[in-house]
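A short write-up of the structure that comes next.
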């Protein structure tokens, strides 16, 4: 009898949806059980980190790692599971691109803690107590994971063989990945398991005018279900987002959010989206164009919702950033 595969599933910084999505394959889970033993899956089974440490190096055949790297615990486990696994799959948007947690790169640890533990309306923290990596309590010393300034993708920390996009990945592509692993018919290392075409290529909506006369937020109007949302002035990330979701959001009159990431030809998804949308804004002059573009609420959160850590921008400069006042002071001294 052929020896079963060893499968590990783990989460970093994310919402937990990717963990649950593995169970969305329904009865196919029986096919997985027939060919693989799950040797690490904290969501579903009582495994300990010590179990993984005791496994021989390379003993795990495949690890599905979801979530981005936000703290020292996730980084430590990424390195440990990489050491123990033959194949590492960045499973879902957060592992692949940083995901929504990656928008934390617009701030840093101090700013995030300041808001979360001091400035929210429901917070009562008169002593300004923030989480610490180590803390003395009556029972002894407690260790907490260190919260990082910068959110990282999985492949910014360890070597990754394959990427499975989506927030979360869809059943179709989970099944495709499982079948490829079981059969051994895997694509070249570094491949994204999904389609080459964009969401626009999958979208059945009619694309005719190819211009935007004004921008609207999707909750402000009831869109025409047959007409391209972009042509109706609703920001849709379909032009620069990998297809494979079967235009699921668009089928219920919601714009594409970009969770499947860029196609292979795109280096920076946010910049590609910005360029695509700017190219079809109808305006008579630069001033009119600027007025229309300025009506896009939260461009960073819109165009880089899932991919800021993987983009060319990666993060905002926060600490040690040169201030305008400092530049002026230097120039004044030079001119004097």
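No lab work stands behind these numbers, since they all come straight from the coordinates. Computed from a predicted model, the values in this text were never measured in an experiment. Positions of Cβ are backbone-derived with ideal geometry, glycine not excepted, and every protein chain shown enters the neighbour counts.
Tabulated values for the structure
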quantity: Helical mean residue ellipticity (222 nm; -39500 (n - 2.57) per DSSP H run of 4+; nearest 500) of the chain; calculated: -7500 deg cm²/dmol
quantity: Longest to shortest principal axis, alpha-carbon extents of the chain, angstrom; calculated: 72, 56, 42
quantity: Region 199-305, relative contact order [Cα under 8 Å, separation at least 6], %; calculated: 29
quantity: Value in Å of the Kirkwood radius, where region 102-148 supplies the Cα pairs that are averaged; calculated: 12.3
quantity: Fewest-first sequence of 293, 212, 69 by Cβ atoms within 10 Å of each Cβ; calculated: 293, 212, 69
quantity: Choice from 264, 128, 24 with maximal GNM fluctuation in the chain (Cα, 10 Å cutoff); calculated: 128
quantity: FRET efficiency, residue 134 to residue 107 (Cβ-Cβ, R0 22 Å, nearest 0.05); calculated: 0.40
quantity: At 0.692 mPa s and 37 °C, Stokes diffusion of region 188-299 via Kirkwood alpha-carbon radius, µm² per second; calculated: 224
quantity: Values of log10 I(q)/I(0), in the order q = 0.12 Å⁻¹, for region 51-165 under a Debye, Cα-only, solvent-free model; calculated: -0.55
quantity: Rel. contact order, % - alpha carbon contacts under 8 angstrom, at least six apart, the chain; calculated: 17
quantity: Order of 236, 135, 200, 15 - criterion: other Cβ atoms within 10 Å of each residue's Cβ, fewest first; calculated: 135, 15, 200, 236
quantity: DSSP beta bridges in the chain [antiparallel fraction, %, rounded to 5]; calculated: 30
quantity: Alpha-carbon spread of region 1-103, three principal axes, descending order, Å; calculated: 48, 31, 23
quantity: Length-normalised contact order of region 102-148 in % [C-alpha pairs under 8 Å, at least 6 apart]; calculated: 25
quantity: Selected from 221, 62, 32 as most flexible by GNM, with the chain as the system and alpha-carbon contacts under 10 Å; calculated: 221
quantity: GNM flexibility winner over the chain from 269, 156, 96 (Cα, springs under 10 Å); calculated: 156
